[in-house]
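Q: Take a look at this one; I'll ask things after.
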Amino acid sequence: MIRPFRPLALASLLVLSAAPAALAQGAACGGDFGAFLQGVRAEAAAKGLSAAGIDRALADVRRDDKVLARDRGQAVFQQEWSRFQGRMVNRDRLARGQANLKKYASTFSEVERETGVPGPVIASFWGLETDYGAVLGDFDTLSALATLAHDCRRPEIFRPHLLGAIELVDRGYLQPSQMRGAWAGELGQTQILPEDYIEFGTDQDGNGQINLLTDVPDVLMTTGKFIRSMGWRRGEPWLEAVRIPDDFPFDRAALVNKEPRRAFAALGVTKSDGSPLERDDVPASIILPQGRGGPAFLAFPNFDIYLTWNNSLTYSLTAGYFGTRLAGDPAVDMGNPQAGLDGDQMKVLQQRLQGRGYDVGKVDGILGANTRAAVREEQLRLGLPADGWPTPALLGRLG
């Protein structure tokens, strides 16, 4: 199982949560853990949850330092994209994904009719998050959420989901003993957070329960509704592998640069097989995860949903690419990219960029959007192709 937590995505999903209400009530963090839980109890009661449900939910909640260790260490995203996707989009996962698309074809069709979200998109998340329900995670959900809400890094994100988890117990959806999942509080076969479980959970198989742990039809429809809520555009693509000419103006290859597809076609960008791109006004961005020598993709507005699910480009591009493979597209040409930086070198690069006045965010060894943008600016300054891909040679020139 892969469990890449979506910290920035959660922030963007606050519009779907009760965070403003929690903040309005002066939600606290830190201090004595028992006193913190008393505050949570009071807030849950003010929300209308029953005393019995609150007691059941919080009876065995404990601070879990393993959760905090996971929260502070996500080195998996220091990997180059080709290596990461090679592990995740493997032959076995593809075969099982295609088998599940056939096995649950009628449910996937119902989901797409109602939500507009294609089966391969849902299956890509299903496969990456829990290997199609095989590995749901073994962290106590209530304790994990309480630990993260008590920690003062992002309480405004996790406290609403802790309250949502208590509500799941109070409504009788799940017993506390059933609530085991990812370290950041996600539950079920596509790792849905408690507030979203409540809002989008659907009894698709009509058995009288909303069960995202074992009922696949419930999982698929709930996930489709969740993805739709993030702005999925019915009938539109999400990602397409392409070829980029050598003389392409690489400073235009950035997620923040959205242009009509015809503009990229005019610059010589083609489909991966060399056939021409559509010359239409569909907005798109060029993604070069490993610079101009590596694979290239057109990302459409629906790709933004992947970034909302998980703000890591490494994860999102892998999930989007996995979806295209499940939809029948061939493997992308990995090209011959220049060697990149390892985690320690990336931290040095980030420190040097900070020294030049760039805001790269946390020095974490991960090539995020801010670091890519800063690299692109330095490449332009040095007269290099501005593809946003840092190399040892570039690091040396910034020494």
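Q: Just the residues that are surrounded by 11 or more Cβ atoms within 10 Å (Cβ to Cβ), closer than 22 Å to Ser177 by Cβ and hydrophobic (A, V, I, L, M, F, W, C), please, taken from segment 25-64.
A: Result: Phe33, Leu37, Val40, Ala44, Leu49, Ala51, Ile54, Ala57, Leu58, Val61.
The rows are residues; the columns are (1) touching a residue at least 40 places away in the same chain (Cβ under 8 Å); (2) out of contact with any Gly (no Cβ under 7 Å at 6 or more places or on another chain); (3) under 25 Å from Pro237 (Cβ atoms); (4) not charged (D, E, K, R).
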site: Val117; (1), (2), (3), (4): yes, no, yes, yes
site: Glu129; (1), (2), (3), (4): yes, yes, yes, no
site: Arg154; (1), (2), (3), (4): yes, yes, no, no
site: Leu174; (1), (2), (3), (4): no, yes, no, yes
site: Arg180; (1), (2), (3), (4): yes, no, no, no
site: Pro217; (1), (2), (3), (4): yes, yes, no, yes
site: Thr222; (1), (2), (3), (4): no, no, yes, yes
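Q: Here's another thing I want to ask about it. Quick one: is Thr371 closer than 16 Å to Ser82 by Cα and crowded, with 17+ Cβ neighbours inside 10 Å?
A: It is false that Thr371 is closer than 16 Å to Ser82 by Cα and crowded, with 17+ Cβ neighbours inside 10 Å.
Q: Please state which of the following conditions Tyr173 fails to meet, knowing it meets all the rest: (1) farther than 17 Å from Thr223 by Cβ; (2) more than 20 Å from the chain's Cα centre (by Cα); (3) assigned to a loop (DSSP other than H, G, I, E, B).
A: So Tyr173 meets the others, but not (1).
Q: Can you report the number of residues in segment 165-199 which are over 22 Å from Gly133 (Cα atoms) and open to solvent by less than 30 Å² (accessible area, probe 1.4 Å)?
A: So the answer is 2.
Q: Do we find that Val332 is open to solvent by 10 Å² or more (accessible area, probe 1.4 Å) and part of a helix (DSSP H, G or I) in this structure?
A: No.
Q: If Gln379 satisfies all but one of (1) open to solvent by less than 50 Å² (accessible area, probe 1.4 Å); (2) under 23 Å from Asn310 (Cβ atoms); (3) part of a helix (DSSP H, G or I), what's the number of the condition it fails?
A: (2)
Q: Which members of segment 238-273 meet the condition of being over 24 Å from the mean Cα position of the chain (by Cα) and of a type in the set (Gly, Ala, Ser)?
A: Passing the criteria: Ala263, Ala265, Ala266, Gly268, Ser272.
Q: In addition: How about segment 204-213: which of its residues are within 20 Å of Gly119 (Cβ to Cβ) and open to solvent by 30 Å² or more (accessible area, probe 1.4 Å)?
A: Gln204, Asp205 - these are the residues of segment 204-213 that are within 20 Å of Gly119 (Cβ to Cβ) and open to solvent by 30 Å² or more (accessible area, probe 1.4 Å).
Q: Considering Val111, Val67, which residue is part of a helix (DSSP H, G or I), touching a strand residue (DSSP E or B) at 6+ places or on another chain (Cβ under 7 Å), touching a residue at least 24 places away in the same chain (Cβ under 8 Å) and open to solvent by less than 20 Å² (accessible area, probe 1.4 Å)?
A: Step by step, each of Val111, Val67 is checked, and only Val67 is part of a helix (DSSP H, G or I), touching a strand residue (DSSP E or B) at 6+ places or on another chain (Cβ under 7 Å), touching a residue at least 24 places away in the same chain (Cβ under 8 Å) and open to solvent by less than 20 Å² (accessible area, probe 1.4 Å).
Q: Considering (1) modelled with pLDDT of 95 or more; (2) assigned to a helix (DSSP H, G or I); (3) within 30 Å of Leu37 (Cβ to Cβ), say which one Phe125 fails and leave the rest.
A: Just one mismatch for Phe125, condition (3).
Q: Are there any pairs with C-beta distances below 6 angstrom linking a residue in segment 189-208 that is in a helix (DSSP H, G or I) to a residue that is aromatic (Phe, Trp, Tyr), with the two at least 6 apart or on different chains, and if so which?
A: Asp196/Phe226; Phe200/Phe226
Q: Now, a different point. Can Arg70 be described as closer than 29 Å to Glu167 by Cα and at pLDDT below 95?
A: Spelling it out, Arg70 is indeed closer than 29 Å to Glu167 by Cα and at pLDDT below 95.
Q: For segment 351-379, give me each residue that is over 23 Å from the mean Cα position of the chain (by Cα) and either of a type in the set (S, T, N, Q) or over 17 Å from Gln290 (Cα atoms) (or both).
A: Residues satisfying the conditions are Gln351, Arg352, Leu353, Gln354, Gly355, Arg356, Gly357, Tyr358, Gln379.
Q: Condition first: closer than 19 Å to Asp196 by Cβ and surrounded by 24 or more Cβ atoms within 10 Å (Cβ to Cβ). Now tell me which residues in segment 131-156 satisfy that.
A: Passing the criteria: Thr141, Leu142, Ala144, Leu145, Ala146, Leu148, Ala149.
Q: Consider segment 340-399. How many of its residues are at positive phi and in contact (Cβ under 8 Å) with a residue 40 or more places away in the chain?
A: Counting residues in segment 340-399 that are at positive phi and in contact (Cβ under 8 Å) with a residue 40 or more places away in the chain gives 2.
Q: For segment 223-234, indicate whether the set of residues that are touching a strand residue (DSSP E or B) at 6+ places or on another chain (Cβ under 6 Å) and either more than 21 Å from Leu136 (Cα to Cα) or surrounded by 16 or more Cβ atoms within 10 Å (Cβ to Cβ) (or both) is non-empty.
A: No: segment 223-234 contains no residue that is touching a strand residue (DSSP E or B) at 6+ places or on another chain (Cβ under 6 Å) and either more than 21 Å from Leu136 (Cα to Cα) or surrounded by 16 or more Cβ atoms within 10 Å (Cβ to Cβ) (or both).
The values are calculated or read from the model by the stated rules, or taken from the named source; none is laboratory data. From a predicted model like this one, the values you see are computed outputs, not experimental measurements. Counting neighbours? That spans all protein chains shown, and the Cβs are built from the backbone with ideal geometry, glycine included. We work out accessible area using only protein heavy atoms, side chains counted, and drop any ligands, DNA or RNA first. Shrake-Rupley method; radii C 1.70, N 1.55, O 1.52, S 1.80 Å.
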